[in-house]
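Report on one structure; see the data block that follows.
The values are calculated or read from the model by the stated rules, or taken from the named source; none is laboratory data. None of the values given here were measured: they were computed from a predicted structure. Neighbour counts run over all protein chains shown; Cβ positions are idealised from the backbone, glycine included. Each accessible area value is taken on the protein alone, full model and side chains, heavy atoms only, with ligands, DNA and RNA left out. Shrake-Rupley method; radii C 1.70, N 1.55, O 1.52, S 1.80 Å.
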Amino acid sequence: MPTPKPNALPTVPRWAVLAAHAVPLAVLPSGLWRLALVAGLPVTRDAGDATMGLGECVYVVSLSLVSELLAFLTLGLVRAWGEVFPRWMPFLGGRRVNPTAATATALAGVAGLCAIAGWGAYAAYAGLGPGIPASPAQDALLVACYAPLLAWPPLLAAVAVAYHRRRTGRGQYGAG
């Protein structure tokens, strides 16, 4: 007996469902790290260092929330609300989602994520930016929390291509 797919459409391959659900989980550690920073936990600084200002706190919390919300949009590529807009949405509710537009948007997100990752790697290599004063343990925590973000672009790309193939009839998948 096949195992059920959590809230996914029956025509979505199991690997795509798992990949879509992995995206928010991959983004979560970096958001939690940023929230710990705002909360004043010693993730980068000694406890006696100056705390963040209100504007910085709002920015960091907003960055964490927006990142997680964007990651959750990946689930739309495997669920019903990715094929038909929910009724509660003004102007769009009940209309079919254009598969090409949804795929193009997802792949644009992949390109943006790759650009951000590339810039981050370059900036770290070139020594740009203020740097984050930290101990070796804090550095290890930072890497452990941010490394999963590297999975976001390939997971999103794979789910977007599967969505496009499924919605446009350009590929058949086995029940896997």
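Things to note:
- Against the criterion of solvent-accessible heavy-atom surface with a 1.4 angstrom probe, L107, L73 sort, most first, into L73, L107.
- With N the number of residues in region 86-156, Rg(Cα) / (2.2 N^0.38 Å) evaluates to 1.65.
- With the simple spin-label model, which puts each label point 7 Å out from Cα in the Cβ direction, the L92 to L54 separation comes to 3.4 nm.
- Viscosity 1.567 mPa s, temperature 4 °C, Stokes-Einstein D of the chain from Kirkwood C-alpha radius, µm²/s: 71
- Using just its DSSP H runs of length 4 or more, each adding -39500 (n - 2.57), the chain gives a mean residue ellipticity at 222 nm of -19500 deg cm²/dmol after division by all residues.
- Backbone HN-Hα couplings from phi across region 78-88 [Karplus 6.51/-1.76/1.60, Hz, Gly and Pro as x]: 10, 10, 4, 6, x, 10, 9, 4, x, 4, 6
- Over the chain, relative contact order from alpha-carbon pairs under 8 Å, at least 6 apart, %: 36
- The order of the peptides 116-127, 152-163, 24-35 by mean Cβ neighbours within 10 Å, most packed first, is 152-163, 24-35, 116-127.
- Dipole of the chain, positive end: most advanced residue of L142, A36, L69 [Cβ charges, Cα centre]: L69
- Computed from point charges on the beta carbon alone (+1 for Lys and Arg, -1 for Asp and Glu), the dipole magnitude for the chain about its Cα centre is near 1120 Debye.
- Accessible heavy-atom area order of S135, S64, highest first, probe of 1.4 Å: S135, S64
- Close amide H contacts of V84 (hydrogens built in the peptide plane, cut-off under 5 Å, sequence separation of 5 or more or a different chain): V97.
- Here the chain has 71 percent of its accessible surface on carbon and sulfur atoms, given a 1.4 Å probe and all protein chains in place.
- Average accessible surface area per residue within the chain, 1.4 Å rolling probe, Å²: 61
- DSSP H segments from the chain that extend 18 Å or more along their own axis, Cα-based, with Kyte-Doolittle mean of -1.0 or above: 14-38, 54-72, 99-126, 152-168
- With an a/c value of 1.5 or above and a/b larger than b/c for the gyration tensor axes a ≥ b ≥ c computed over the alpha-carbon atoms, region 9-82 is described as prolate.
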